[in-house]
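The values are calculated or read from the model by the stated rules, or taken from the named source; none is laboratory data. Quantities reported herein were computed from a predicted structural model and do not represent experimental measurements. Glycine gets a Cβ as well: all are built from the backbone with ideal geometry, and neighbour counts include every protein chain shown.
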Amino acid sequence: MIAVDAGNTLIKVVVFRDSGSVDGLKTWPAAAYEECLNWLKEQSDSIWIADSSARVWPLGKQVSTASNWGFDLEYSAQIGLDRLASMRGAIHRHPQSAVLMVSLGTCLTYSYLNQSGTFQGGAIAPGWAVRLKAMHHYTQSLLALPIDNLTPPADWTPSDPRTSSSAQSMMRGAFQGMIDEIDAEVERFSAINSDLIVIIHGGDAPSFVNHLKRGIFANENWTALGLWAMSQN
């Protein structure tokens, strides 16, 4: 089975064995859609697609908000398919559990599924790079910090709020601000269900997970795993 996780900037294609283990991974820039499509046309496996950018694919099974996700939705139809597919992957790994997925990418998103199997959403906020970029864009006097391959500074001291430069101040505001924000939001969800499973994922997750009070990090493509789980029904 082939799972296609297509976003606004990147198309990720994961090839699964029948057992559900990953056999291979290929990526294309979103602008190379035709190249990816031509490769898919040459494949004999079934193809499942979640496209968050609203492209229509002329092959395979393309999921939508109306698809059978294996849980109920208390949310509008405008929800991103990646959030739904990721949650489907999470409940495949953690069945009959309340799950909070915290995704750290372009945006910081929270996706909550209660123990009764109902998706009840969660906040969406700017991600790490977006926060740094916005401070420069909207003030001009603040630096344009490099935002590719962001990592915490080597001399990072979370417990010390003092800074000695604008760059350090911006980085602390964005990085420590997100840590505090995530910890507080997870605590609010934990007050709803103390047995909550908290999954930290997304491109920036490895930089944050060891600084958070709660959450597990698993290096999985949750969207692709969710599509694989759906294909088994």
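Things to note:
- Residue match in the range 58-75 (condition: under 17 Å from Thr223 (Cβ atoms), of a type in the set (D, E, K, R) and in contact (Cβ under 8 Å) with a residue 40 or more places away in the chain): yes
- Residue under evaluation Leu143, criteria (1) farther than 30 Å from Asn193 by Cβ; (2) in a helix (DSSP H, G or I), criterion not met: (2)
- Set Ala229, Ala191, Ala184, Ala218: member being out of contact with any helix residue (DSSP H, G or I) (no Cβ under 7 Å at 6 or more places or on another chain), within 18 Å of Ser86 (Cβ to Cβ) and not β-branched (Val, Ile, Thr): Ala218
- Subset tally (residues that are assigned to a loop (DSSP other than H, G, I, E, B), among the β-branched types (Val, Ile, Thr) and surrounded by 10 or more Cβ atoms within 10 Å (Cβ to Cβ)) for the range 33-83: 3
- Number of positions in the range 203-231 that are closer than 28 Å to Asp18 by Cβ and assigned to a loop (DSSP other than H, G, I, E, B): 4
- Any chance Ala191 is within 20 Å of the chain's Cα centre (by Cα), at pLDDT 90 or above, of a type in the set (A, V, I, L, M) and surrounded by fewer than 13 Cβ atoms within 10 Å (Cβ to Cβ): no
- Comparison of Ile182, Ile147 shows that the only residue that is out of contact with any Asp or Glu (no Cβ under 8 Å at 6 or more places or on another chain), under 30 Å from Gln96 (Cα atoms) and not acidic (Asp, Glu) is Ile182.
- Applying the criterion of being crowded, with 16+ Cβ neighbours inside 10 Å and small (Gly, Ala, Ser) to the residues of the range 126-164, the residue that is farthest from the chain's Cα centre (by Cα) is Ala129.
- Residues in the range 68-96 that are small (Gly, Ala, Ser) and modelled with pLDDT under 95 were compared, and the one that is nearest to Asp195 (Cα to Cα) is Gly70.
- In the range 92-115, residue surrounded by the most Cβ atoms within 10 Å (Cβ to Cβ) [restricted to those that are touching a residue at least 40 places away in the same chain (Cβ under 8 Å) and farther than 30 Å from Thr151 by Cβ]: Leu113
- Test: residue in the range 93-105 that is among the small types (Gly, Ala, Ser), under 18 Å from Phe217 (Cβ atoms) and in a loop (DSSP other than H, G, I, E, B): yes
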